[in-house]
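In what follows, a structure is listed as structure tokens, so that the remarks can point back to it.
The values are calculated or read from the model by the stated rules, or taken from the named source; none is laboratory data. Note that the structure is predicted; figures quoted are calculated from it, not measured. Note that we place each Cβ from the backbone using ideal geometry, even for glycine, and neighbour counts take in every protein chain shown.
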Amino acid sequence: MSNYTININGKDKQVDVDPSTPMLWVLRDHLQMVGTKFGCGIAQCGACTIHIDDVAVRSCQLPVSAVGDQEITTIEGLSEEGDHPVQQAWLEHDVPQCGYCQAGQIMSATALLKNNPNPSDTDIDQAMNGNICRCGTYTRIKAAIKTAAKTV
Amino acid sequence: MSLVKTSYGRRSFLKSTAMAGGGLMLGFSWLASCKPSPEQVLDMPKEWFEINGYLKIGDNGLVTIMSPNPEIGQNVKTSMPMLVAEELDVDWKKVIVEQAPLNTDIFTRQIAGGSQSIRQGWDGLRMAGASAKQMLKEAAAKEWEVPVSEITTKESMIYHEGSGKSAEYGEMASKAANIAVPEEVELKDKSNFSIIGTSRKNVDGKKIVTGKPLFGLDYREEGMLTAMIIHPPAFGMKLKSLDASEAKGMSGIKDVFKFKTFEDGHTYGMFDETAFPEMIAVVGESVWQVMNARKKVKAEWEPFESHSNTFMGWSGDNTFEKAVPAGKENSPAHVEKMKKVAVQSAETVRKDGDPEKAFKNAAKVIERSYTAPFLAHNTMEPMNFFANVTDTEAKLVGPIQTPEFMEKSIAARLGLPLDKIDLQMTRQGGGFGRRLYGHFVVEAAVISKEMKAPVKLVYTREDDMSYGNYRPAYHALYRAALDEDNNLIGFHVRAGGIPESPLFANRFPAGAIENYLAESWTIDSNITVGAFRAPRSNFIAGAEQSFLDEVAEAAGKDPIEFRLDLLDKAQKAPVGENNDYEAKRYAGVLKLVREKSNWENGAGENVHRGVSAYFCHNSYVANVLDLVMEDDKPVVEKVYCAVDCGIVVNPIAATNLVEGGSVDGIGHAMFSGLTFKDGVPEQKNFDRYRLIRHSEAPKAIDVHFVKSDIDPTGLGEPPFPPIMGALANALYKATGQRHYDQPYISNKEIIG
């Protein structure tokens, strides 16, 4: 076990965990931040997507020991009131069905728009291809990203 | 307007009302545990007045409506309360929705399955709203000393025109709680609906997009431990011995032990089936610690002998046996076996006319066979459940589609009375039929009992995918007989599967063809299977609709015209008696999709179209699918969907379900499959099991509903099966080759 201080959503958090513990489980089990979801554990489904310095990262494959002083953003920290343009676009398009993958989808979409404010369909496909939605809400997600792009 | 009785048979539909003695206090203790949504922007009332089991009204007019059924993404948590709200005449902005507790004394059929929630809740939910409205009206009439017949309501307001008096619902709530439940209530004329038929957004939307704890996996209690299972590595195997010494000494690990989910000789409940009734539990403080300890557990496994399990039927009154053969099964051998069985005659399920003669006299006979592999459900939220079992009671919380059934299973397994089992439903990260089978609920309970502590059982994706109740592997052989004028004079389907048959003998084209034969067969297997979104239809629709396309082509007819001709016959002069569809509505969706897709004029150069139509779970769906080939790969440009599900309760959500079902159907037909080698699933995670991804989804989906005032039917399943046929038929147009075996695209290509 080792002590880590990690900056999450602008706040320093302390955890005492094994260095190999993925950030996904640090968030979910040790910090009770459960918005970041467990889907596959091998970075194939995107449900656990968080931001490290504004880049989308699969937290299930990111050991806590590798975080250092980089800044982490999770779905809980995307906006204070839940009114980030991407979140608003998701509500406007009524995207979710079961909703389980959507936090990861939103985190991937937000990182995309940060780096590419006007993504083409191909840009969206490429950036979002690592996020699986078994309910099949892909067309709505694409529409929501385009709506959000107008306001981000 | 229609007058309905508020009781069903022997029991009163609305039980709870008169409970509010004194008119102020809530009747049921379980209501106390239902906390209002914390982020709700509305001010909470000081007091709630329970009107009936479905709703309570606050002194400030806020209304809480209970959503009775499990929410698995089919959006019943929004659409079911809409039915209550409609008849209550409440302003939707003043509605808070809560997941109802499991209480089948009040709520009927608390199941997420068969696309039945809206269809079977249609009368009851509206009646609950109408009864409450009637009680509010009677309270006002009493208060104002006017006849109740002169009272009207609109958007949470009560009016008496003659005296000019009015009141908000909140003002009358305490008095209404003392009014007796009316024995009869009037339901609105459908033309007066103001909520049903209008788009209302997902009531959990804000919580979902902000990452609030909603799902089973998010649930936690103080002192809760994490449990994981180790199951036999292959179907056909069982536990022989366990050496847990190393794992037990690891950091954070509380215990490692073997356990039996069900006792030997147990009569399984309808949804209890498990391939691995004895497993190893690893319990510790956190998921990561338990995951690591699992790797250090040493276990030996051995093949089991052939046996059979006894199951209780749906009603609980009857039992049936399921054979579990010994052996480690292989997918190539499965396919060979199915091909062999398919050429032999099988059990006749339906026979009209003289099919043998029709085929003998045919000018042309077309025979084709179709196959599909096992599928894993792959809900994005893996199986999990919370359990806290003591000597006297058990609390269980999590995602389950059959809470009522599992409550009984838990009571039986723990030897506790039913009223000592508190089973609570969370939002579910997908269901698709997987969570009908709740062995994991029982596993969690048994582990908690052993640990004498609250535990949350968590499956990894690998556990989830390699320990499933899968969609069976299927095979269907079709034959069609055409006469010299290309009339379809005979039709033969012989369908089967491992270990279940996909046949629906009484569905289209049964009823439309003079000489018809349907046969069914099965091959036993120890691989556990279960319902998977639109069970059986999820294969047979694609097979049948591909075959009809080929027959239409052989007959030189337009594929839509060909189907419509058959449906016309089924409508005007149906063959046989048990035809399980309405030909007129079936034809209706085909006509609508023909119009909306501009079928007559075609899709344009280099765009390849396929059509299909299917009926299942009481709803009708037709598809036209347009695809283009880019770098020799099919790209779905557009999907047109025409749907007849009667009244569309919530158009925005209904459209979402149809879009999603189309994407899901294209994905599974194109890419997905689970294969076995020596009893071991060869795909255990998304690196090898391929689900459709963003770039493979249709670029546009155009959904149209048939305008209807028929009572609504479900939408969770019906949009899923037919698209597979439209896809196969479009692929044929694009490639010149028919596609008979799913998945249509090789599964070898892995996206990383």
Query raised in the report: Considering only residues of the stretch A:36-62 that are of a type in the set (Val, Ile, Thr) and within 8 Å of the chain's Cα centre (by Cα), which is surrounded by the most Cβ atoms within 10 Å (Cβ to Cβ)?
Result: A:THR49
Report task. Restricting attention to strands (runs of 3 or more DSSP E) lying wholly within the stretch B:165-236, give those where 1 or more residues are farther than 30 Å from B:ARG461 by Cα. Result -> B:165-168, B:184-187
Report task. Can you tell me which residue within the stretch A:63-85, out of those that are in a helix (DSSP H, G or I) and within 20 Å of B:ARG427 (Cα to Cα), is nearest to the chain's Cα centre (by Cα)? Result -> A:ILE75
Query raised in the report: How many residues, within the stretch B:177-200, are within 30 Å of A:GLY35 (Cβ to Cβ) and surrounded by fewer than 18 Cβ atoms within 10 Å (Cβ to Cβ)?
Result: 1
**Report entry** Options A:ALA148, A:ALA127, A:ALA56, A:ALA143: the member that is assigned to a helix (DSSP H, G or I), more than 27 Å from B:ARG200 (Cβ to Cβ) and modelled with pLDDT of 95 or more
**Finding:** A:ALA127
Requested in this report: Give just the number: which of (1) closer than 21 Å to B:LYS677 by Cβ; (2) within 29 Å of the chain's Cα centre (by Cα) does B:ALA326 not satisfy?
Outcome: (2)
Requested in this report: Residues that are among the small types (Gly, Ala, Ser) and within 25 Å of B:SER525 (Cβ to Cβ): find the strands (runs of 3 or more DSSP E) completely inside the stretch B:245-316 holding 1 or more of those.
Outcome: B:298-303, B:307-312
Requested in this report: Within the stretch B:712-734, track down each residue that is crowded, with 24+ Cβ neighbours inside 10 Å and part of a helix (DSSP H, G or I).
Outcome: B:PRO722, B:ILE723, B:MET724, B:GLY725, B:ALA726, B:LEU727, B:ALA728, B:ASN729, B:ALA730, B:LEU731
Query raised in the report: Given the conditions (1) within 30 Å of B:VAL290 (Cβ to Cβ); (2) surrounded by fewer than 24 Cβ atoms within 10 Å (Cβ to Cβ); (3) modelled with pLDDT of 95 or more; (4) more than 10 Å from the chain's Cα centre (by Cα), and given that A:LEU27 satisfies all but one, which numbered condition is not satisfied?
Result: (2)
Query raised in the report: Among all residue pairs at least 6 apart or on different chains, which show Cβ distances below 8 Å where the first residue, located in the stretch B:419-430, is more than 14 Å from chain A (Cβ to nearest Cβ) and farther than 18 Å from B:LYS77 by Cβ and the second is part of a helix (DSSP H, G or I) and of a type outside the set (A, V, I, L, M)?
Result: B:ILE421/B:GLU407
Query raised in the report: When residues of the stretch A:100-145 are filtered for being farther than 15 Å from A:PRO85 by Cα, within 10 Å of another protein chain (Cβ to nearest Cβ) and of a type in the set (S, T, N, Q), how many remain?
Result: 6
Query - Residue that is nearest to B:MET270 (Cα to Cα), among those in the stretch B:403-436 that are among the polar types (S, T, N, Q) and surrounded by 24 or more Cβ atoms within 10 Å (Cβ to Cβ) - result: B:SER409
Query raised in the report: For the stretch B:517-529, does any single residue satisfy the condition of being over 25 Å from the mean Cα position of the chain (by Cα), crowded, with 24+ Cβ neighbours inside 10 Å and farther than 23 Å from B:LEU375 by Cα?
Result: yes
Query - When residues of the stretch B:256-298 are limited to those that are of a type in the set (Gly, Ala, Ser) and either surrounded by fewer than 17 Cβ atoms within 10 Å (Cβ to Cβ) or at pLDDT below 95 (or both), the one farthest from B:ALA444 (Cα to Cα) - result: B:GLY265
Query raised in the report: Quick check: is even one residue across the stretch B:707-715 of a type in the set (Gly, Ala, Ser), closer than 16 Å to B:VAL621 by Cα and modelled with pLDDT under 95?
Result: yes
Report task. Would you mention how many residues in the stretch B:211-235 are at the interface with another protein chain (Cβ under 8 Å from one of its Cβ atoms) and closer than 20 Å to A:VAL26 by Cβ? Result -> 8
Query - Of all residues making up the stretch A:63-83, the number that are within 11 Å of chain B (Cβ to nearest Cβ) and either of a type in the set (Lys, Arg) or surrounded by fewer than 22 Cβ atoms within 10 Å (Cβ to Cβ) (or both) - result: 8
Report task. Kindly indicate which of B:GLN74, B:GLN99, B:GLN116 is within 26 Å of the chain's Cα centre (by Cα), in contact (Cβ under 8 Å) with a residue 24 or more places away in the chain, surrounded by fewer than 21 Cβ atoms within 10 Å (Cβ to Cβ) and within 14 Å of another protein chain (Cβ to nearest Cβ). Result -> B:GLN99
Query raised in the report: So is B:HIS617 assigned by TED's automatic domain parsing to the domain that holds B:LEU566 and in contact with an Asp or Glu (Cβ under 6 Å, 6 or more places away or on another chain) or not?
Result: yes
Requested in this report: Scan the stretch B:201-234 for residues that are closer than 30 Å to B:LYS328 by Cα and not β-branched (Val, Ile, Thr) and jot them down.
Outcome: B:ALA227, B:MET228, B:HIS231, B:PRO232, B:PRO233, B:ALA234
Query raised in the report: Would you call B:SER174 out of contact with any Cys (no Cβ under 8 Å at 6 or more places or on another chain) and at pLDDT 95 or above?
Result: no
**Report entry** Members of the stretch B:659-718 that are hydroxyl-bearing (Ser, Thr, Tyr) and within 21 Å of B:TYR470 (Cβ to Cβ)
**Finding:** B:SER672, B:THR675, B:TYR689
Requested in this report: Hey, can you tell me all the residues within the stretch B:50-99 that are under 17 Å from B:GLN134 (Cα atoms) and in a loop (DSSP other than H, G, I, E, B)?
Outcome: B:GLY53, B:TYR54, B:GLY61, B:ASP89, B:VAL90, B:ASP91
Report summary line: Just one listed residue, out of B:ALA453, B:ALA531, is outside the structural domain of B:GLU381 (by TED's automatic domain parsing) and either of a type in the set (Phe, Trp, Tyr) or touching a Leu at 6+ places or on another chain (Cβ under 7 Å) (or both), and it is B:ALA531
Query raised in the report: Can you find even one residue in the stretch B:224-236 that is β-branched (Val, Ile, Thr) and either in the same structural domain as B:THR713 (by TED's automatic domain parsing) or touching a Pro at 6+ places or on another chain (Cβ under 6 Å) (or both)?
Result: no
